[in-house]
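The values are calculated or read from the model by the stated rules, or taken from the named source; none is laboratory data. Since the model is a prediction, treat every value here as computed from it, not as a measurement. Note that each Cβ is placed from the backbone with ideal geometry, even for glycine, and that neighbours are counted across all protein chains shown. Note: areas computed on protein heavy atoms with side chains; ligands, DNA, RNA excluded. Shrake-Rupley method; radii C 1.70, N 1.55, O 1.52, S 1.80 Å.
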Amino acid sequence: MKIETIETLRLGDHPNLLWVRVHTDDGLTGLGETYFGAGPSEADIHDRIAPILLGQDASRIEFLNMKMQPYTGFTGSGAEVRALAAVDVALWDLAGKAAGKPLSDLLGGRTRESIQVYNTCAGPNYVSKTSAVRPDNFGTAAGAAGSPAGRQTYEDLEAFLHHPEDLAASLMEMGIFSMKIWPLDLAAGAADGVDISTQDLKKGLGPFEKIRAAHGDKMRLKAELHGLWSLNAAKKIAAALEPLEMDWIEDPVWMDRTREVAELARATRAPLAGGETLASLGQFEALINDGNIGTPILDVVWAGGVTAARKVAALAEARSRPIAFHDCSGPVTLAVSTHLALSLRNVREQEIARGFYYSWYQDFVDQLPPIENGMITVPDGPGLGMDLAPGLEKRVDAIHRISKA
């Protein structure tokens with residue numbers, strides 16, 4: 001199973017996404033994905049990684065992952081690690097196809113047939129044009145392009161800002177009883193994160209309070225803070241959120257500041273979660289052991305692929321911690337995360353963004369992980385159980401590159 005060709009594809013209409021396909025001499029193809037910094041990751045795949053992989057045995061995943069590790073950019077979720085992660089996912093997809101097994105079965109078998117989801121309340125255009133996670137790139141309804149006829153549009157970011165109790169009711173009707181929102185990103189103090197005013201803090205609590213008032217404790221609430229705040233501001237926010245019995249507070253400070261994470265964990269009884277912007281075993285070991293994070297969060301296609309995700313999950317399990325897999329990105333990321341979630345024992349739920357899932361995700365792949373009554377499982381078929389929709393490389397906005405042996 002020698003690697004003959006490495007192919008990448010990105011689209012001008014979704015510039016954050018990069019797909020990679022690894023082709024072997026026996027006719028198999030593995031699919032991978034990463035997002036943010038798609039252009040630099042694409043360049044790294046063809047300039048650095050392709051010469052390493054072409055002609056190699058695709059089944060030697062651990063060896064190839066080791067060889068793909070960069071010298072500069074070896075840690076963190078920069079372009080080099082994202083490129084590695086996309087290729088690693090493609091190699092695991094190949095391994096499943098070669099074995100004739102779904103990836104979750106290849107990874108030791110399933111611990112469950114499906115797993116509950118939580119909804120990240122983004123609209124379909126959220127952070128869709130650049131990688132800037134800030135209000136002017138939130139893709140609110142005013143700038144939305146609309147949805148194809150017959151397809152439901154879930155403008156969940158607009159909903160949590162303006163009628164959060166109705167949003168929660170809509171999710172519960174779908175069997176989803178866990179949701180994540182980030183109203184505090186719009187506070188004036190979030191521009192530099194040094195402090196938050198009492199007025200902005202009260203306003204930011206409003207959506208959480210309305211959901212609690214309307215639905216009691218039926219909905220598990222998660223607060224996303226995107227690492228915007230200083231330690232002192234994060235302490236104020238955590239203290240204000242405590243009475244609302246948060247499921248977790250995510251990325252209250254930058255997750256590489258493990259001493260600050262640990263200090264905040266000691267200062268609040270609200271559970272903390274985070275880590276999706278990190279990569280490398282060393283960073284996650286520090287976050288878990290020194291930062292005392294309650295739930296480490298890993299993005300499979302930012303942090304080194306399936307190979308890295310399994311090791312970080314083991315680190316978390318050794319400290320009796322659950323691990324969560326990030327998805328507010330692309331359909332392949334959701335699929336590989338779900339395979340991992342089904343195979344690992346210390347995953348409680350899988351993130352989705354229904355604003356993505358029920359709109360543009362289905363435009364780019366031939367099948368998605370099925371969701372029914374708030375539970376997600378993996379697509380039928382070996383490997384990831386999905387491939388790119390035919391003809392994407394022929395689109396006028398396609399950037400399609402091939403490296404051959």
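The charge dipole of the stretch 209-277, taken about the Cα centre with unit charges on the Cβ atoms of Lys, Arg (+1) and Asp, Glu (-1), comes to about 220 debye, rounded to the nearest 20. Residue ranges 78-86, 10-18 sort as 78-86, 10-18 when ordered by packing (mean number of other C-beta atoms within 10 Å per residue, highest first).
Of the labelled figures (i) 33.8, 137; (ii) 20.4, 64; (iii) 37.6, 144, only one reflects Rg and Dmax of the Cα atoms in Å as derived from the coordinates, namely (ii). All C-alpha pair distances within the stretch 361-405, sorted into 5 Å bins from zero, spread as 5, 17, 19, 19, 16, 12, 8, 3, 1, 0 percent across the bins. Note on Asp387: accessible area approximately 50 square angstrom, rounded to 10, probe 1.4 Å, nucleic acids and ligands left out. Just to confirm my numbers, what's the Cα centroid distance between the stretch 232-248 and the stretch 49-102 in Å? Using only Cα atoms, the two centres lie 39 Å from each other.
Normalised Debye scattering of the stretch 306-384 at q = 0.24, 0.26 Å⁻¹ gives log10 I(q)/I(0) of -1.17, -1.31, counting only Cα atoms as equal scatterers and leaving out solvent. Do any of Lys202/Lys236; Lys129/Lys210; Lys180/Lys236 go past 22 Å between their Cα atoms, and which? Exceeds cut-off: Lys129/Lys210. Each of Pro183, Gly78, Val127 was scored by the projection of its Cα onto the charge dipole of the stretch 52-189, and the greatest displacement toward the positive side belongs to Gly78; charges sit on the C-beta of Lys, Arg, Asp and Glu.
In loop segments of the stretch 201-266 as defined by DSSP, the trypsin sites (Lys or Arg not before Pro) with at most 12 further C-beta atoms inside 10 Å of their C-beta are Lys218.
Once the stretch 305-351 is represented by equal point scatterers at the alpha-carbon sites, with solvent omitted, what log10 I(q)/I(0) does the Debye formula produce at q = 0.17, 0.21, 0.29 Å⁻¹? Here log10 of I(q) over I(0) equals -0.43, -0.65, -1.14. Applying the Karplus relation 6.51 cos²θ - 1.76 cosθ + 1.60 with θ = phi - 60° to the stretch 41-49 yields 3J(HN,Hα) values of 5, 4, 4, 5, 4, 7, 7, 10, 7 Hz, where x marks Gly and Pro. About the centre of its Cα atoms, the stretch 1-144 shows a dipole size close to 300 debye [charges on the beta carbon of Lys, Arg (+1) and Asp, Glu (-1) only; nearest 20 debye].
Computed over the stretch 7-107, the convex hull of the alpha-carbon atoms projects to a mean area of 6.5 nm². Whats the longest run of the chain with zero chymotrypsin sites (Phe, Trp or Tyr not before Pro) that are DSSP loop and have at most 16 other Cβ atoms within 10 Å? That gives 75-405 as the longest site-free run. For the stretch 250-294, pairs of C-alpha atoms spaced more than 18 angstrom apart make up 12 percent of the total.
Keeping all protein chains in place, calculate the accessible area per residue for the chain (probe 1.4 angstrom), answer in Å². Each residue of the chain exposes 38 Å² on average to a 1.4 Å probe.
Using a probe of 1.4 Å on the protein chains alone, the accessible area found for Thr75 is around 60 Å².
The stretch 270-405 gives an Rg/Rh value of 1.02, both radii derived from C-alpha positions and Rh following Kirkwood. For the stretch 10-54, the fraction of alpha-carbon pairs lying more than 15 Å apart is 48 percent, rounded to a whole number.
Charge dipole of the stretch 316-405 (Cα centre as origin; +1 on each Lys and Arg Cβ, -1 on each Asp and Glu Cβ, all else neutral): 340 debye, rounded to the nearest 20. Two tests apply to each whole DSSP H helix in the chain, Cα reach of 27 Å or more along its axis and mean Kyte-Doolittle hydropathy of at least -1.0, and the ones passing both are 79-99.
Scaled against the 2.2 N^0.38 Å expected of a compact globular protein of N residues, the Cα radius of gyration of the stretch 53-208 reads 1.41.
With Cα atoms as the point set, the stretch 77-136 shows a radius of gyration and Dmax of 16.6, 46 Å.
Shape index of the stretch 234-330: Rg/Rh, with Rg the Cα radius of gyration and Rh the Kirkwood radius from the inverse mean 1/r over Cα pairs, equals 0.97.
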